[in-house]
Amino acid sequence: MGEAITRSIPPELSIDVQAVHATLRAFIKDQFRKIGAENAILGLSGGIDSALVGFLTADAIGPDRLRTYILPYRTSAPSSREDALAVAQALGCSVTEVPISAGVDAVEASLPGGAPITAIQRGNIAARMRMITLYHESARHNGIVMGTGNKSEGAIGYTTLHGDAACAINPIGDLYKSQVRALAAHLGVPEAILTKAPSADLWPGQTDESEGGFDYPTLDRILFRLVDQGASHASVVADGFDGELVARIQKMIAASQFKREMPPFPKITR
């Protein structure tokens with residue numbers, strides 16, 4: 001399965017998985033040395049991104065220094081919990097389950113406006129409640145929160161500020177989703193996670209690709225041209241991609257630029 005996934009990656013996104021693995025291992029070890037933290041704090045969603053970060057972290061600093069957390073909301077899929085537990089078991093690291101439904105409900109009940117909130121708004125609250133929990137655990141255990149956002153999600157803004165986007169370090173931030181799958185297969189992430197449809201688990205049956213109207217291999221190939229190569233809309237379309245999809249992705253990149261930068265402020269001092 002691992003070799004098949006590595007071979008299926010779009011050619012322009014091909015990576016030397018052994019070299020990338022070594023680079024990310026060295027990065028994690030170096031960051032922990034610089035920061036002086038004892039433990040890594042990681043939320044396990046049951047998805048491939050957090051699973052890969054778990055495998056990378058355990059390899060870099062040891063499973064005894066990796067503390068993982070399962071943070072379910074009442075609508076979270078049972079399979080997400082099962083897959084998260086499978087990762088923790090495979091790594092031999094600690095795992096703690098902290099349900100967040102009560103916290104999300106309390107925040108929702110305290111919000112002004114009166115009107116019911118949308119599923120996406122509730123998902124953002126849940127993402128931030130999870131990060132509140134992880135940072136609380138980080139303070140308790142002399143740890144740093146590990147990021148799990150990939151380059152594809154970051155480029156189009158498919159992330160929640162102060163939620164899943166919050167972290168101390170992010171080992172996979174420069175890997176497209178296709179590259180995440182290839183590296184995860186190389187490291188032995190469980191097959192059930194490698195083959196499942198990517199999902200933020202915002203509501204039952206939700207998947208990233210159905211909500212976004214794209215498939216990750218196509219999105220990654222377009223992003224590679226727009227972001228890494230600086231290609232124009234016309235050039236990407238000339239490569240055989242749908243013009244409307246390319247334009248929509250360009251708009252998503254532009255509209256989410258604020259998520260990839262520190263908040264701007266006027267410079268007063270010299």
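Condition test on residue 7, is it more than 20 Å from residue 97 (Cβ to Cβ), among the charged types (D, E, K, R) and modelled with pLDDT of 95 or more? Explain how you work it out, then say what you get.
Numbers: more than 20 Å from residue 97 (Cβ to Cβ): yes; among the charged types (D, E, K, R): yes; modelled with pLDDT of 95 or more: no.
Considered against the rule, which asks whether it is more than 20 Å from residue 97 (Cβ to Cβ), among the charged types (D, E, K, R) and modelled with pLDDT of 95 or more, residue 7 comes out as no.
Report whether or not residue 84 is out of contact with any strand residue (DSSP E or B) (no Cβ under 9 Å at 6 or more places or on another chain) and touching a residue at least 40 places away in the same chain (Cβ under 8 Å). Steps first, answer last, please.
Values: out of contact with any strand residue (DSSP E or B) (no Cβ under 9 Å at 6 or more places or on another chain): no; touching a residue at least 40 places away in the same chain (Cβ under 8 Å): yes.
No.
Would you tally the residues in segment 91-107 being in contact with a helix residue (DSSP H, G or I) (Cβ under 7 Å, 6 or more places away or on another chain) and under 30 Å from residue 188 (Cα atoms)? Steps first, please.
The initial filter retains those residues of segment 91-107 that are in contact with a helix residue (DSSP H, G or I) (Cβ under 7 Å, 6 or more places away or on another chain), namely 91-93, 95, 98, 100, 103-104, 107.
When the remaining residues are screened for being under 30 Å from residue 188 (Cα atoms), the result is 91-93, 95, 98, 100.
Count: 6.
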Between residues in segment 184-195 that are over 16 Å from residue 44 (Cα atoms) and residues that are surrounded by 12 or more Cβ atoms within 10 Å (Cβ to Cβ) and of a type in the set (Asp, Glu), which pairs lie under 8 Å by C-beta distance while being six or more apart or on different chains?
187/59
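Got at least one residue in segment 214-224 being closer than 12 Å to residue 156 by Cβ, free of Cβ contacts under 8 Å to residues at least 60 places away in the same chain and not aliphatic (A, V, I, L, M)? It would help to see each step written out before you state the result.
Taking segment 214-224 as the starting set, the residues that turn out to be closer than 12 Å to residue 156 by Cβ are 214, 216, 219-220, 222-223.
Adding the requirement that they be free of Cβ contacts under 8 Å to residues at least 60 places away in the same chain leaves 214, 222.
Checking the rest, the ones that are also not aliphatic (A, V, I, L, M) come to 214.
So far as segment 214-224 goes, yes, one or more of its residues are closer than 12 Å to residue 156 by Cβ, free of Cβ contacts under 8 Å to residues at least 60 places away in the same chain and not aliphatic (A, V, I, L, M).
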Give me the pairs: first residue in segment 134-156 and under 17 Å from residue 48 (Cβ atoms), second residue surrounded by fewer than 21 Cβ atoms within 10 Å (Cβ to Cβ) and charged (D, E, K, R), beta-carbon distance under 7 Å, and six or more apart or on different chains, which are they?
151/174; 154/260
Only residues that are assigned to a loop (DSSP other than H, G, I, E, B), among the small types (Gly, Ala, Ser) and surrounded by 11 or more Cβ atoms within 10 Å (Cβ to Cβ): list them for segment 220-270, please.
231, 232, 256
Among residues of segment 167-192 being surrounded by fewer than 21 Cβ atoms within 10 Å (Cβ to Cβ) and touching a strand residue (DSSP E or B) at 6+ places or on another chain (Cβ under 7 Å), the residue farthest from residue 245 (Cα to Cα) is 168
Answer yes if at least one residue in segment 115-122 is surrounded by 15 or more Cβ atoms within 10 Å (Cβ to Cβ) and in contact (Cβ under 8 Å) with a residue 12 or more places away in the chain, and no otherwise.
yes
Can you tell me which residue is surrounded by the fewest Cβ atoms within 10 Å (Cβ to Cβ) among those in segment 11-24 that are out of contact with any Leu (no Cβ under 7 Å at 6 or more places or on another chain) and within 18 Å of residue 169 (Cα to Cα)?
22
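Mind checking which residues of segment 146-191 are assigned to a helix (DSSP H, G or I), touching a helix residue (DSSP H, G or I) at 6+ places or on another chain (Cβ under 7 Å) and either modelled with pLDDT under 95 or not aliphatic (A, V, I, L, M) (or both)?
At the first step, the residues of segment 146-191 found to be assigned to a helix (DSSP H, G or I) are 151-156, 177-187, 191.
Restricting the remaining residues to those that are touching a helix residue (DSSP H, G or I) at 6+ places or on another chain (Cβ under 7 Å) gives 152, 154-156, 177-187.
Those that are assigned to a helix (DSSP H, G or I), touching a helix residue (DSSP H, G or I) at 6+ places or on another chain (Cβ under 7 Å) and either modelled with pLDDT under 95 or not aliphatic (A, V, I, L, M) (or both): 152, 154, 177, 178, 179, 181, 186.
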Determine whether residue 200 is surrounded by 12 or more Cβ atoms within 10 Å (Cβ to Cβ), part of a loop (DSSP other than H, G, I, E, B), out of contact with any Cys (no Cβ under 7 Å at 6 or more places or on another chain) and in contact (Cβ under 8 Å) with a residue 24 or more places away in the chain.
yes
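The values are calculated or read from the model by the stated rules, or taken from the named source; none is laboratory data. Bear in mind the structure is a predicted one, so any value in this text is a computation, not a measurement. Backbone-built Cβ (ideal geometry, glycine too); neighbour counts: all protein chains shown.
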